[in-house]
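This report concerns only the one structure given below.
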Amino acid sequence: MIEFYFDFISPYAYLAFQRIHALGGRHGREVVLRPTLFAALLNHWGQLGPAEIPPKREFVFKQVVRRARAIAVPLLPPPSHPFNPLLGLRVATLDQPRGRHRALVDCLFRATWGGGEGIESPQTTISALDSAGFEGEAMVAAALAPDNKRRLLEAGEAAIARGVFGVPTMIADGELFFGDDSLQELEGFLRGEDPIDAALVERWRGLPVGASRRRPS
């Protein structure tokens with residue numbers, strides 16, 4: 001199994017989503033999709049998101065366009081960024097058969113990064129779902145139910161407990177890989193070619209902290 005933690009707000013998660021299923025198939029691994037609110041991870045670990053740093057925001061957009069072109073994936077800016085991805089994540093948290101869940105997440109990613117109208121409002125989300133053959137109005141209503149909202153919150157807490165600090169994150173056999181540029185390392189790990197061993201991990205963990213910076217209040 002490969003667990004894939006994502007938020008629709010991340011173009012890197014969009015790019016990784018385009019390739020993770022083929023990667024899993026090459027190694028006989030089921031890909032389990034884990035909707036996760038990126039903002040909750042940032043808040044927990046005390047980080048700024050890339051789009052909250054002006055020069056990094058521009059760099060990110062340029063980088064993801066270059067990466068999308070390299071893998072022949074369509075990528076266009078969403079209507080706004082950053083945006084509130086909660087509704088889309090709550091829809092993606094609804095119970096679905098495995099293949100149907102993948103199609104649902106794909107639909108919402110395409111509505112965000114594939115030239116769609118976005119997924120921030122109920123109207124645009126319903127439209128995207130309807131166009132992909134889902135019952136948009138019913139799904140949005142179900143997504144907004146208190147029980148489902150709580151499920152997304154609990155999913156975020158579970159992700160943090162696993163050490164997830166950003167999106168996309170992939171976890172296979174307990175090993176965490178972060179970023180769409182880590183897919184190559186994930187594949188090497190699944191092939192049994194990972195250069196990391198327990199002794200090396202302990203050596204890194206045991207390094208003393210030589211300097212630290214003051215965190216902004």
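The values are calculated or read from the model by the stated rules, or taken from the named source; none is laboratory data. All values reported here derive from a predicted model rather than from experimental measurement. All Cβ positions, glycine included, derive from the backbone under ideal geometry; neighbour counts span all protein chains shown.
Before moving on, here are some points about what is shown:
- Subset tally (residues that are among the small types (G, A, S), under 10 Å from L94 (Cβ atoms) and touching a helix residue (DSSP H, G or I) at 6+ places or on another chain (Cβ under 6 Å)) for segment 143-158: 1
- Which numbered condition T169 misses (of (1) crowded, with 21+ Cβ neighbours inside 10 Å; (2) among the hydroxyl-bearing types (S, T, Y); (3) over 18 Å from D7 (Cβ atoms)): (3)
- Contact map, segment 176-203: residues that are hydroxyl-bearing (S, T, Y) paired with residues that are buried (at least 17 other Cβ atoms within 10 Å of the Cβ) and part of a strand (DSSP E or B), Cβ distance under 8 Å, separation 6+ or inter-chain. Pairs shown: S182/M170.
- As a summary of the residue check, F177 satisfies the conditions (1) modelled with pLDDT of 95 or more; (2) not in a strand (DSSP E or B) except for the one numbered (2).
- Screening G46, G115, G88 for residues that are of a type in the set (G, A, S), touching a residue at least 40 places away in the same chain (Cβ under 8 Å) and surrounded by 19 or more Cβ atoms within 10 Å (Cβ to Cβ) leaves exactly one candidate, G88.
- Residue in segment 67-88 that is among the aromatic types (F, W, Y) and touching a Gly at 6+ places or on another chain (Cβ under 9 Å) present: yes
- In this structure, A13 does not satisfy being without any contact (Cβ under 8 Å) to a residue 40 or more places away in the chain and surrounded by 14 or more Cβ atoms within 10 Å (Cβ to Cβ).
- Against the test of being modelled with pLDDT of 95 or more, among the charged types (D, E, K, R) and surrounded by fewer than 14 Cβ atoms within 10 Å (Cβ to Cβ), the options R69, R34, R29 yield a single qualifying residue, R69.
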